[in-house]
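Below is one structure, written out as structure tokens, with a few remarks after it.
Any read-out appearing in this document is the output of simple, stated calculations on the displayed coordinates, not a laboratory observation. These figures come from a predicted structure and were not determined experimentally.
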Amino acid sequence: MEGHGTPRGLHAEIVEGFIEVSPTGRYSHGRIANRLRHALDMFLDNSDFSAYQDMNVIHRRKVRIPDVFISLEDAEEHVAEDGLGIDAGGVELIAEVVPPGKDSLARDRDRKRRAYARAGIPVYLIIDDYDEQGSVRVLSDPTPDRARYASEVRMPYGSAVTIPEGPAKGFVITEAITGTLRRP
């Protein structure tokens with residue numbers, strides 16, 4: 001939706017039925033997302049899957065723009081009918097890098113968690129500089145009718161966190177992706 005009437009430096013998503021306008025990521029946010037996408041692409045090399053950024057993921061006419069997601073390399077069968085993005089049913093993993101601000105924290109930690117579970121996204125990864133000294137959460141086993149994930153692993157920055165299932169099963173998130181937390 002960015003670029004369609006949204007002011008420069010902002011992007012819009014429809015989360016839980018509401019249009020949410022938020023600032024595009026800071027440098028550290030973009031750096032983490034780019035490191036993650038690049039590392040996932042290398043991990044997924046020689047498979048049928050790829051990591052994507054800056055693309056709409058659509059579920060029941062609600063649009064989200066995740067920081068990174070995994071889908072088939074040739075995902076044409078999952079392109080939404082109007083061509084504006086990919087249907088959530090074709091997405092295997094979504095990763096969000098939490099930006100600063102109370103509303104941003106609630107959006108990525110809570111509202112998007114429920115929305116992605118409701119959409120049946122198998123793995124939701126949250127990289128969060130603002131959770132104590134930084135944390136990585138891996139949520140899996142979605143229960144769409146309850147809008148929740150049955151399994152959650154939360155580890156502090158500096159710990160190795162492994163994706164438990166899907167095309168990225170065995171992929172490890174380390175400080176090479178998250179960096180070290182620099183804020184007090």
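Backbone amide hydrogens, once placed in the peptide plane, bring Phe49 within less than 5 Å of Glu73, excluding anything fewer than 5 places away on its chain.
By how many nm would the segment from Ala176 to Asp48 lengthen if fully extended, with 0.36 nm per residue of separation less the alpha-carbon distance?
Numbers: separation 128, 0.36 × 128 = 46.08 nm, distance 2.49 nm.
Difference between extended and current length: 43.6 nm.
Between Gln133 and Arg148, what is 0.36 nm times their sequence separation minus the Cα-Cα distance? Round to one decimal in nm.
Working: separation 15, 0.36 × 15 = 5.40 nm, distance 2.51 nm.
So the chain would gain 2.9 nm between Gln133 and Arg148.
Couplings 3J(HN,Hα) for segment 38-45, derived from phi with the Karplus relation 6.51 cos²θ - 1.76 cosθ + 1.60 (θ = phi - 60°), are 4, 5, 5, 4, 5, 5, 7, 3 Hz, where x marks Gly and Pro. Karplus-derived 3J(HN,Hα) values for segment 142-152, using 6.51 cos²θ - 1.76 cosθ + 1.60 with θ = phi - 60°, are x, 10, x, 5, 10, 6, 8, 9, 7, 10, 9 Hz; glycine and proline are entered as x.
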